[in-house]
Amino acid sequence: MPQLPNIITLLRIAGSFGLLLCNVTGVAFWLIYGLCGISDIADGWLARKLKCVTKTGALLDSMADICFVACCAWKLLPILDLPQWLWLWAGVIVVIKVVNQLSALVLYGHCCFPHTTANKVTGFLLFIAVPISFFTIIPITIVAAIATFAAIHEGCVLARAMTKARF
């Protein structure tokens, strides 16, 4: 079953788009949200366990993460009461990540989504912090700080990889 991790990842993409069809206050939304989060952990763990880690699988996982975050943002951001400074901070994180990818594209010829520990921790904490953000912004603020570090660290990892590839 070497394709099982990729199948799980594809199901996360489908689930992410399924969130768009659900009411945020309904059980279905949060059930799909939870399953998507669990599948994010399961696909990578299973790929390593089955010794079927591939570049395609890693790229698919990154695409699934982007779909999940985008679909959650689409549904949740309009109803979360977040201060303007937090929106600006999130924008800065997005800009850093976009610059990282554009740099990789220009210098490397393709985008690269490193699965750093900082990125994994950010994703896990974001998954937990989002539901709590309905009650307090403290967890999402902590995640923003970690996400900022992760985005900057990602740029360093990409720069190191590009330097090694050139020389």
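The values are calculated or read from the model by the stated rules, or taken from the named source; none is laboratory data. Quantities reported herein were computed from a predicted structural model and do not represent experimental measurements. Heads up, the Cβs are rebuilt from the backbone with ideal geometry, glycines too, and the neighbour counts pull from every protein chain shown. Heads up: the accessible areas ignore ligands, DNA and RNA and are worked out on the full protein's heavy atoms, side chains in. Shrake-Rupley method; radii C 1.70, N 1.55, O 1.52, S 1.80 Å.
Before moving on, here are some points about what is shown:
- Some residue of the range 73-81 being touching a helix residue (DSSP H, G or I) at 6+ places or on another chain (Cβ under 7 Å), under 29 Å from PRO5 (Cα atoms) and in contact (Cβ under 8 Å) with a residue 12 or more places away in the chain: yes
- Of the criteria (1) within 16 Å of PHE124 (Cα to Cα); (2) open to solvent by less than 30 Å² (accessible area, probe 1.4 Å), which one LEU19 fails: (1)
- Residue list for the range 133-166, restricted to those being open to solvent by 30 Å² or more (accessible area, probe 1.4 Å), in contact (Cβ under 8 Å) with a residue 40 or more places away in the chain, of a type in the set (Ser, Thr, Tyr) and not in a helix (DSSP H, G or I): none
- Scanning the range 47-80 for residues being more than 18 Å from the chain's Cα centre (by Cα) and more than 24 Å from HIS110 (Cα to Cα) gives a total of 7.
- Given (1) under 19 Å from GLY34 (Cβ atoms); (2) in a helix (DSSP H, G or I); (3) of a type in the set (A, V, I, L, M), number of the condition LEU105 does not satisfy: (1)
- Residue in the range 110-117 that is on the phi < 0 side of the Ramachandran plot and exposed (fewer than 13 other Cβ atoms within 10 Å of the Cβ) present: yes
- Qualifying residue in the range 1-13 (condition: over 23 Å from ALA150 (Cα atoms), modelled with pLDDT under 90, touching a Cys at 6+ places or on another chain (Cβ under 9 Å) and open to solvent by 70 Å² or more (accessible area, probe 1.4 Å)): yes
- Output for the range 22-32, where each listed residue is surrounded by fewer than 19 Cβ atoms within 10 Å (Cβ to Cβ) and either in contact with a helix residue (DSSP H, G or I) (Cβ under 7 Å, 6 or more places away or on another chain) or within 14 Å of HIS115 (Cβ to Cβ) (or both): CYS22, ASN23, VAL24
- Selected residue [open to solvent by 40 Å² or more (accessible area, probe 1.4 Å), in a helix (DSSP H, G or I) and within 28 Å of ALA47 (Cα to Cα)] from VAL95, VAL121: VAL121
Quick grid of which residues meet (1) modelled with pLDDT of 95 or more; (2) in contact with a His (Cβ under 9 Å, 6 or more places away or on another chain); (3) surrounded by 15 or more Cβ atoms within 10 Å (Cβ to Cβ):
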position	(1), (2), (3)
GLY34	yes, no, no
ALA47	no, no, yes
THR56	no, no, no
ILE66	no, no, no
TRP85	yes, no, no
